[in-house]
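Values in this text are rule-based calculations from the coordinates and carry no lab data. Please read these numbers as outputs of a predicted model, since none were measured by experiment. We place every Cβ from the backbone using ideal geometry, glycine too, and count neighbours over all the protein chains shown.
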Amino acid sequence: MNYPQKSYTVTEATKKAERYCAYQERCHFEVVTKLKGMRMIPEAIDLIITHLIQNDFLNEERFSRSYARGKFRVKNWGKGKIIAELQRRNISNFNIKLALEEIGEKDYLAKLDLIAKKKLAQIKEEELQKRRKKLADYLLYRGWEIDLVYSKISELLS
């Protein structure tokens, strides 16, 4: 049975969007998608987005930086995957560049070393070539750059 979807006034939708943004950092794309899901008209969406930006609920640079830090530290993502996900959310190249500044080169290489060694210890494969492939697939899937991955594999499995 299809129930009619609740309709919202601009004020109600604005309050809901404020709570949505206050809960965690959001990008414009996520908020617009949420408002479209609430069946708001484009003019109302523009009005609400403007309100959220003016009142600092929505800040694309802050979102990008926070996203990059979090995915790198918690999910062990490489820059490739972080860039792809930010692009998927329509983040500007300028903000993507700023976001990547949040990841220090020293920390980046240390994290790669740590997760490569940890994964290598979990790979039970006996054959060297298969071990190399499994480790490479794991790291590449997580967005680590191909040159860094293969030099790390050469270092660990020479």
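Model label points for residue 127 and residue 55, set 7 angstrom from Cα along the Cα-to-Cβ axis, are 6.2 nm apart. Distance between the 7 Å Cα→Cβ label points at residue 137 and residue 101: 3.9 nm. For the residue pairs 75/118; 79/117; 97/134; 6/71, the alpha carbons lie more than 24 Å apart in 97/134; 6/71. Annotation: extensible slack from residue 117 through residue 62 equals 16.6 nm (criterion: 0.36 nm per residue apart, minus Cα-Cα distance). In the chain, the calculated helix contribution to ellipticity at 222 nm averages -22000 deg cm²/dmol per residue, counting -39,500 (n - 2.57) for every DSSP H run with n ≥ 4. Under the classification rounded if a/c is under 1.5, otherwise prolate if a/b is larger than b/c and oblate if not, where does the stretch 10-54 fall, given a ≥ b ≥ c as square roots of the Cα gyration tensor eigenvalues? Here the stretch 10-54 falls in the rounded category. For the stretch 76-117, the square roots a ≥ b ≥ c of the C-alpha gyration tensor eigenvalues yield an a/c of 1.5 or more together with a/b not exceeding b/c, which makes the shape oblate.
Just in the stretch 77-158: which chymotrypsin sites (Phe, Trp or Tyr not before Pro) are loop by DSSP and have at most 13 other Cβ atoms within 10 Å? The qualifying sites: there are none.
Count neighbours as other Cβ atoms within 10 Å of each site's Cβ, and list the GluC sites (Glu not before Pro) in the stretch 100-158 that are DSSP loop with at most 13 such neighbours.
On the way: sites: 101, 102, 105, 125, 126, 127, 145, 155; in loops: 101, 102, 125, 126, 127, 145.
Answer by residue number: 101, 125, 126, 127.
Distance from the C-alpha centroid of the stretch 139-154 to that of the stretch 29-91: 28 Å, rounded to the whole angstrom.
Relative to the present Cα-Cα distance, how much length would full extension add between residue 33 and residue 15 at 0.36 nm per residue of separation?
Details: separation 18, 0.36 × 18 = 6.48 nm, distance 1.59 nm.
In short, 4.9 nm is gained.
Were the residues from residue 146 through residue 69 laid out at 0.36 nm apart, the gain over their Cα-Cα distance would be 25.6 nm.
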